[in-house]
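The values are calculated or read from the model by the stated rules, or taken from the named source; none is laboratory data. This structure is a prediction, so every number in the text was calculated from the model and none was measured. Heads up, the Cβs are rebuilt from the backbone with ideal geometry, glycines too, and the neighbour counts pull from every protein chain shown. With ligands, DNA and RNA removed, areas are computed over all heavy atoms of the protein, side chains included. Shrake-Rupley method; radii C 1.70, N 1.55, O 1.52, S 1.80 Å.
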Amino acid sequence: MSTTPEQTDRFIRLVNSRLKFSLYLLWKLPSAWLAGVRVQEMDAQRCVIRVPYRWLSQNPFRSTYFACLAMAAEMSTGLLSMAYAGPRVSMLVTGMEGIFLKKAVSITWFTCDEGERIKAAIQTALDTGGSSAVTIAVTGKSAEGTEIATFRITWSYKAKN
């Protein structure tokens with residue numbers, strides 16, 4: 001693995017620290033911070049991201065703008081990728097497909113529970129010294145459990161020499 005279990009745990013603690021991760025978002029992903037995209041919870045296998053419906057995340061049709069939904073979906077997979085990739089692996093989104101099922105008119109939660117598949121893809125890149133890819137399905141739901149959108153996000157991982 002590119003990261004040790006201790007490094008992975010330290011990263012997960014950072015992500016779960018509301019203040020520290022909010023500052024990280026403001027510094028590295030200001031558009032996500034402004035839109036209100038936030039981590040609800042993360043562990044080694046699962047990451048839950050929420051995005052509110054509010055003025056800075058709305059579209060003209062009185063729902064959450066699709067790009068804000070996509071940011072939250074991508075972040076749920078990207079944080080798990082970052083937890084395992086470390087400095088020896090480069091990572092890049094190479095594909096994204098979104099299906100929008102209902103208008104998002106309140107908070108939407110995106111859950112990725114594919115930590116093992118992400119970890120295995122990163123390990124494959126390290127073992128082969130080349131690259132590997134994995135496509136992860138993420139579903140966004142309302143507080144009532146209604147499916148709002150589903151995304152399929154493809155990550156490519158490449159071992160650095």
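How big is the convex hull of the Cα atoms of the range 36-109, per residue, in Å³?
Hull volume over Cα atoms, normalised by residue count, gives 101 Å³.
Which residue fluctuates the most in the chain, going by a Gaussian network model with Cα springs under 10 Å, if the choices are Arg46, Arg88, Arg54?
Arg88
Could you list the GluC sites (Glu not before Pro) in the range 1-95 that lie in coil according to DSSP, counting only those with at most 14 other Cβ atoms within 10 Å of their Cβ?
Here no GluC sites (Glu not before Pro) fit, given the DSSP loop and packing criteria.
Please tell me the relative contact order of the range 1-53 in percent, rounded to the nearest whole number, where contacts are Cα pairs under 8 Å and at least six residues apart.
About 28 percent, as a whole number.
Gain in length, Glu116 to Thr128, computed as 0.36 nm per residue apart minus the alpha-carbon separation, to one decimal in nm?
2.5 nm
Return the subset of Lys119/Lys160; Lys102/Lys141; Lys28/Lys160; Lys119/Lys158 for which the Cα-Cα distance in this structure is over 18 Å, preserving the input order.
Lys28/Lys160
Given Cβ point charges of +1 (Lys, Arg) and -1 (Asp, Glu) and nothing else, what value in debye, to the nearest 20, does the dipole of the chain about its Cα centre take?
Dipole of the chain, to the nearest 20 debye: 480 debye.
Taking 1 over the mean of 1/r across every pair of different Cα atoms in the range 1-73, what Kirkwood radius in Å do you get?
Evaluated over the range 1-73, this radius sits at 13.3 Å.
Report the residue, chosen from Thr124, Thr146, Thr111, that carries the largest GNM mean-square fluctuation when the chain is represented by alpha-carbon nodes joined by springs under 10 Å.
Thr146
Write down the accessible area per residue of the chain in Å², having rolled a 1.4 Å probe over the full set of protein chains.
Accessible area per residue, the chain: 54 Å².
Which value at 222 nm does the chain reach when only helices count, each DSSP H run of 4 or more adding -39,500 (n - 2.57), with the total divided by all residues and rounded to the nearest 500 deg cm²/dmol?
-12500 deg cm²/dmol
Leaving out ligands, DNA and RNA but keeping every protein chain, what accessible area does Tyr24 have, in Å² rounded to the nearest 10, with a 1.4 Å probe?
Spelled out: Tyr24, probe radius 1.4 Å, area about 70 Å².
What is the dipole size for the range 1-86, taken about its Cα centre, with +1 at each Lys and Arg Cβ and -1 at each Asp and Glu Cβ, in debye to the nearest 20?
340
Relative to 2.2 N^0.38 Å, what does the C-alpha radius of gyration of the range 98-161 come to as a ratio? Two decimals please.
Here the answer is 1.43, to two decimals.
Rounded to two decimals, what is Rg over Rh for the range 14-161 when you use alpha-carbon atoms and the Kirkwood radius?
0.98
Can you give me the % of accessible surface on the chain that is carbon or sulfur? Probe 1.4 Å, all protein chains present, nothing else counted.
C and S fraction of accessible area: 56 percent.
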